[in-house]
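One structure is given here, and the rest of the page talks about it.
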Amino acid sequence: MKRKPVFVADQILDAAVVRGRGQSSDKQRTPSETSSVRAAAKVKAHVYGPVPSRRLGFSLGVDILPYKTCSLDCIYCQLGPSRRLSTRRRPYFSVRSILSQIKEKIDSGKRIDHITFSGSGEPTLNASIGRLIREIKKTSSIPVAVLTNSTLLTDEKARRDILAADVVVPSLDAATEEVFSRVNRPLRGLTIKKIIGGLVAFRREFRGRIWLEVMLVKGINDSASEIRALKKAIALIMPDKVQLNTVVRPPAEKFALPLSARQLKEISRELGPETEVTAEFREKQKSPAPEDVVESALAMINRRPVSFQDIAASLGKTATAVRLALAPLIRSGRIKERTHRGVVYYEKS
């Protein structure tokens, strides 16, 4: 008899109940408790948006990982510190469930420019990502994008799994081991030399577009020597574009500070003509489909800190409508406000 697959989500939820009640197995729970745990895994929202993206237009985000499942603990991460690092690839959730949620969003008629694997951590850690991309391509002409921190591109299987994507946006924030350790705080054993080698190999194999993102943090990875090292690495990788970014949203560490627009432009010129500074997305969605503002706003806030302007642009609502929708969520403690460099962001409590 064919065995029912066990997904990591079930194991994580099991562990949460065990920790909370001092129990060790399903046999020690009441039937209702066991049912609640299993139901939680089934109803996880894997899809959010479409949300406005500076690079990908209106992006339908696909989150295929438990929260903060990553191989790096970047000082600038808008999701906060990563406490448990891993490079082990596993099938975290049901492929059928994820595909069903994607189809529902596509069928809603909203504008979607890219279907983007990003979300709560490093998407290539999900061993099902290759199958998911291939299945999406069978039924939709919407381009598929993968945002990756590049650490698993050293693995031939991981590279092969994302070859069917249309756009891959890998990160490279450093080109020397010392700076890599300071800005990305990697899992032990990861080296920037191997990661650059993985990016070079992926460029040889991948027929789509590679937009290499470099996240610059003031006083950490913006020195003249590090920029020269990055330039050499970029020449080896040969991406279609290099996109310079800096710390905009509230970071994991308060000392992670942004560069000025002038500094970014100077570094862009240094890195060459294929380099651009990514600008804030300002376009508003045309003719959005009707939807629940509170529910959609929560879906965005649960993934990352967002401003009410972000939410309004994504949902095609006025700023006033978004503020009215968020007010009861703040009063009830479901979300909280956080000011970062003069901009108010909303994040989960």
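The values are calculated or read from the model by the stated rules, or taken from the named source; none is laboratory data. These figures come from a predicted structure and were not determined experimentally. With ideal geometry, Cβ positions are generated from the backbone for all residues, glycine too; neighbour counts draw on all protein chains shown.
From Ile75, Ile115, Ile102, which residue is β-branched (Val, Ile, Thr), over 22 Å from Pro170 (Cα atoms) and either touching a strand residue (DSSP E or B) at 6+ places or on another chain (Cβ under 6 Å) or buried (at least 19 other Cβ atoms within 10 Å of the Cβ) (or both)?
Step by step, each of Ile75, Ile115, Ile102 is checked, and only Ile102 is β-branched (Val, Ile, Thr), over 22 Å from Pro170 (Cα atoms) and either touching a strand residue (DSSP E or B) at 6+ places or on another chain (Cβ under 6 Å) or buried (at least 19 other Cβ atoms within 10 Å of the Cβ) (or both).
Just wondering, is there one or more residues in region 159-172 that are touching a His at 6+ places or on another chain (Cβ under 6 Å), in the same structural domain as Ile234 (by TED's automatic domain parsing), surrounded by fewer than 21 Cβ atoms within 10 Å (Cβ to Cβ) and not polar (S, T, N, Q)?
Scanning region 159-172 turns up no residue that is touching a His at 6+ places or on another chain (Cβ under 6 Å), in the same structural domain as Ile234 (by TED's automatic domain parsing), surrounded by fewer than 21 Cβ atoms within 10 Å (Cβ to Cβ) and not polar (S, T, N, Q).
Taking Gly189, is it at positive phi and not aromatic (Phe, Trp, Tyr)?
yes
In region 254-274, is there at least one residue being under 19 Å from the mean Cα position of the chain (by Cα), under 27 Å from Arg304 (Cβ atoms) and of a type outside the set (S, T, N, Q)?
Yes, region 254-274 contains a residue that is under 19 Å from the mean Cα position of the chain (by Cα), under 27 Å from Arg304 (Cβ atoms) and of a type outside the set (S, T, N, Q).
Checking Ile102 against (1) in contact (Cβ under 8 Å) with a residue 60 or more places away in the chain; (2) under 18 Å from Ser53 (Cβ atoms), only one condition comes out false. Which one?
Result: Ile102 passes all but (1).
Cβ contacts < 7 Å: first residue modelled with pLDDT of 95 or more, restricted to region 227-239; second residue surrounded by 17 or more Cβ atoms within 10 Å (Cβ to Cβ) and among the aromatic types (Phe, Trp, Tyr), any location; separation 6+ or different chain. Result?
Here the result reads Pro239/Trp211, each pair linking region 227-239 to a residue that is surrounded by 17 or more Cβ atoms within 10 Å (Cβ to Cβ) and among the aromatic types (Phe, Trp, Tyr).
Pairs only if they're at least six apart or on different chains, beta carbon under 6 angstrom, first in region 143-168 and within 16 Å of Ile115 (Cα to Cα), second of a type in the set (Lys, Arg) and surrounded by fewer than 24 Cβ atoms within 10 Å (Cβ to Cβ); list them, first residue then second.
Matching pairs, first to second residue: Ala164/Arg134; Ala164/Lys137; Val167/Arg209.
For Thr148, are the conditions met, namely being within 18 Å of Ile210 (Cα to Cα), in contact with a Gly (Cβ under 7 Å, 6 or more places away or on another chain), of a type in the set (Ser, Thr, Tyr) and surrounded by 21 or more Cβ atoms within 10 Å (Cβ to Cβ)?
No; evaluated as a whole, the condition is false for this residue.
Tell me the residue from Leu132, Leu199 that is surrounded by 23 or more Cβ atoms within 10 Å (Cβ to Cβ) and out of contact with any Pro (no Cβ under 9 Å at 6 or more places or on another chain), please.
The conditions single out Leu132.
Out of all the residues in region 293-304, is one or more in a helix (DSSP H, G or I), at pLDDT 75 or above and within 21 Å of Val247 (Cα to Cα)?
Checking region 293-304: at least one residue is in a helix (DSSP H, G or I), at pLDDT 75 or above and within 21 Å of Val247 (Cα to Cα).
Yes or no: region 257-266 includes at least one residue that is under 25 Å from Gly80 (Cα atoms), assigned to a loop (DSSP other than H, G, I, E, B) and free of Cβ contacts under 8 Å to residues at least 24 places away in the same chain.
Yes, there is a match, as at least one residue in region 257-266 is under 25 Å from Gly80 (Cα atoms), assigned to a loop (DSSP other than H, G, I, E, B) and free of Cβ contacts under 8 Å to residues at least 24 places away in the same chain.
Scan Tyr76, Tyr67 and give me the residue that is assigned by TED's automatic domain parsing to the domain that holds Leu187, among the aromatic types (Phe, Trp, Tyr) and modelled with pLDDT of 95 or more.
Result: Tyr76 is the single residue among Tyr76, Tyr67 that is assigned by TED's automatic domain parsing to the domain that holds Leu187, among the aromatic types (Phe, Trp, Tyr) and modelled with pLDDT of 95 or more.
Within region 231-251, can you find the residues that are closer than 11 Å to Leu271 by Cβ, assigned to a helix (DSSP H, G or I) and of a type outside the set (D, E, K, R)?
Ala233, Ile234, Ala235
Given the criterion in contact with a His (Cβ under 8 Å, 6 or more places away or on another chain), at negative phi and either outside the structural domain of Ala256 (by TED's automatic domain parsing) or at pLDDT 50 or above (or both), identify the matching residue among Val17, Val62, Val43.
Exactly one of Val17, Val62, Val43 is in contact with a His (Cβ under 8 Å, 6 or more places away or on another chain), at negative phi and either outside the structural domain of Ala256 (by TED's automatic domain parsing) or at pLDDT 50 or above (or both), namely Val62.
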